[in-house]
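The values are calculated or read from the model by the stated rules, or taken from the named source; none is laboratory data. Just so we're clear, the structure is a prediction, and the values are computed from it rather than from any experiment. Here the Cβ positions follow ideal geometry from the backbone for every residue, glycine too, while neighbour counts run over all protein chains shown. Heavy atoms of the whole protein, side chains included, go into the accessibility calculation; ligands, DNA and RNA do not. Shrake-Rupley method; radii C 1.70, N 1.55, O 1.52, S 1.80 Å.
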Amino acid sequence: MADLSAQAPKDSPQSLEDIRAQYTEMTRRKRLYGGLLLVLFVALMVAGFRTADERNAGSFADGYQRVLDYPTEVLSEAAEKVTQLPGHIVHFFPALVETLNIAAAATLIGALFGTLLSLLSTRGMARWPMLIPLFRRIMDISRAIPEIVIALVLIFLLGGGPVPAMIAIALHTAGALGKLFSEVNENVSLKPIEGLSSVGASWAQRIWLGVIPQVGPNYVSYALLRFEINIRASAILGFVGAGGIGYELKNAMSWGQGKYDEAAAIFILLFVTIVVVDQISGLLRDRLTHGQRTRTRKSSRKGATA
Amino acid sequence: MTVMDLNSAPLKGQMDKLFLKKRLLSLAVPAVILAYLAYVCVTFDVAGLWQRASLDNARTLVSDSYSYKTHVTRDNRSGEVSYAIEGERKGTYPEGMSPEWVTPGDTTVINLPDGHVVRFGPESVEYDIPGYGLVTATPSRGRGVVTELPAGDVPDWINVSKNRLAITTDAGRLTVTRNRAEVFRYFMGWELFFFTLDSPYHGMGPLTLAQHAIAGEAGAIWNDFWTNKMWQHRDVAWALGETILMAFLGTFGAGLVALPLAFLGTRNFMPVRVVRFAARRLFDFVRGVDSLIWTVVLARAFGPGPLTGALAILITDTGTFGKIFSEALENVDEKQIEGITSTGAKPVQRYRFGVIPQITPVLLSQLLYFLESNTRSATIIGAITGGGIGLLLTQAIITQKDWEEVAYYIVLIILMVMIMDWFSGWLRRRLIKGDAGGH
């Protein structure tokens, strides 16, 4: 070993000095680029903040002391009328169920369409390989549309209510999950599919028996994550007139002072729901995808260090 | 050879049971999904949806999003005739100017497609409909609108009453009331998209425009386009910029705030358990208070605008990033830090060269991934707080008639999100070399 490293510089045309010079030069250039990027980034952040501040109705300097005013008002009023809170919570519970239903139905429908789109756009399992780019573009576009755009247009066509929100969220979900699902599909072993097609299975049979069992846990895990996101989305869409807890929140807020206890009840409901669903789905997801793998990895690492 | 010794019957029984279980499960899951969807259909009253759905609205929306109409209006009292695109003041033809399919004079002759002709005479209004005949309507103070129709039954596309006549054909639409007569003629496309009528460049082809531009009028041409009163290109560009700005400030601001906090929530960097617990609960709290609630609270303090949106994104994502970053930090390889320590590095250097290089790929890819998704969030938050393209979109939808603008904004939003998606992916690939998975 010592011999080898001692001989190496002699054999190579470059001397140690050259290598060192080159190395320091490279590091310096790297640092310079890094520094320039950092300066650019900071400049962008500062300029961006100042532009945003300028174009805002109220400035940051005036507003930041007032950030806590509204929560304080709401909370103090809620504290005064704390006896009414349980009543409000019961009263708004159906609206919460509607919001959850919108999210769940949209996730389900979106996941079904996402599955279909992802299967149709993965090489090796597509029904019509020629049309793969078409289905990919469909996914890209439906993923790019913010839910609110579809929801507002559908509210005009179908009237207010949960259905426009459900369709809007489902459409976006189909695109978003479709992309994640097709990434899962890329890693699927194609052998079961080949085996099934060799015994004359149809496309649907190949997918149902050869692909779905392989991808199922990952699909469910991604769908659960999406469900969390969709609860938030469905609350927001309620705010623009699609029913559910968001709609109630908007009403409670427009009443203003004197009705803040209702707003507080809705805040509490929304907060608790989101936290609870996050926790449950986190646990489920962990068990679905990481559970076994992390355990084995950890134990093997422990074994290696010991 | 123990396999041969085994009695295969219990094994087969087990297998049958397993198969039965799997088969039942594969039937039960779709059944549960179907049952749930049926329940949702009932609670959401999907059956009643068709009654509530407005087909007229759908028709207006679709036709208006790719076509426009020009109004020709005569005030029956003064006899003045005016021409306006979409009936808006911003689209009114200047005095003495008229569309080429109208012949002004004592009798204004309006040519509609397929040989339909409307004449605004001094006394009466005539509509010559090929294949049907001549309809004459005479508005007067005392007797309302006196209408003469060809003999026979009144078709359902003509609506006659004492004070009003309305004819809707494929060629256009005529309405006569006591006070005014009005003709709509429909055209394809988005008129006035480039130049409004008061601009000298209205109606010029691209070649003529290029000639004018070369002749030194490029600035004026750009100015007329940029300040177009109908399509407000300048305001739209600003709105798009504001939306992207909200996403940019929110995402990277959240990253900057979350990174130091993330250290507090990790097992390997934060030995004090109380602090660790507090930091984690803070992340959960901030994430749990949805961006909707943050938006509402912040809008009270800062008023509508891009700053409010940026801060709402910043606060919500601080929770998410805090969680993701602390997980990344807990997975950091200790060996690299030990190696740096063994060279006598001080704590700051240990973090700089031992920790940061390990988490930078995760950090950057998450930040860039969120940048794209926050562009969408910024559109939504803008619609609630009033800022960016989201505000323009809601305003255009609320008027319920500028559907061509709605269509335009939707196209812009989709393009914006797709470009941000592409851009963040490109940046991710450039900054994180050798990261084939992307995320």
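Worth a mention:
- Any hit, segment B:232-251, residues being open to solvent by less than 30 Å² (accessible area, probe 1.4 Å), more than 30 Å from B:I313 (Cβ to Cβ) and not hydroxyl-bearing (S, T, Y): no
- In segment B:185-195 there is at least one residue that is small (G, A, S) and more than 23 Å from B:V417 (Cα to Cα).
- B:L431 vs. criteria touching a residue at least 12 places away in the same chain (Cβ under 8 Å) and aliphatic (A, V, I, L, M): yes
- Residues of segment B:34-75 classified as open to solvent by 50 Å² or more (accessible area, probe 1.4 Å) and among the aliphatic types (A, V, I, L, M), total: 7
- Test: B:G319 is closer than 18 Å to B:L256 by Cβ and assigned by TED's automatic domain parsing to the domain that holds B:A278: yes
- Candidates B:G303, B:G382, B:G309 - the one that is under 16 Å from A:V67 (Cα atoms), modelled with pLDDT of 80 or more and surrounded by 24 or more Cβ atoms within 10 Å (Cβ to Cβ): B:G309
- Residues being in a helix (DSSP H, G or I) and either open to solvent by 80 Å² or more (accessible area, probe 1.4 Å) or at the interface with chain B (Cβ under 7 Å from one of its Cβ atoms) (or both) - total across segment A:47-68: 14
- Scanning segment B:89-138 for residues being open to solvent by less than 20 Å² (accessible area, probe 1.4 Å), small (G, A, S) and under 41 Å from the mean Cα position of the chain (by Cα) gives a total of 1.
- Screening A:W203 against (1) within 17 Å of B:D421 (Cα to Cα); (2) more than 12 Å from every other protein chain (Cβ to nearest Cβ) leaves a single unmet condition, (1).
- Only one entry in B:L192, B:L209 is of a type in the set (A, V, I, L, M) and modelled with pLDDT of 70 or more, namely B:L209.
- Test: B:G382 is within 30 Å of A:G159 (Cβ to Cβ) and not acidic (D, E): yes
- Here B:F252 meets each of (1) part of a helix (DSSP H, G or I); (2) away from chain A (no Cβ under 14 Å) with one exception, condition (2).
- Conditions (1) open to solvent by 40 Å² or more (accessible area, probe 1.4 Å); (2) in contact with a helix residue (DSSP H, G or I) (Cβ under 9 Å, 6 or more places away or on another chain); (3) of a type in the set (S, T, Y): number failed by B:S342: (2)
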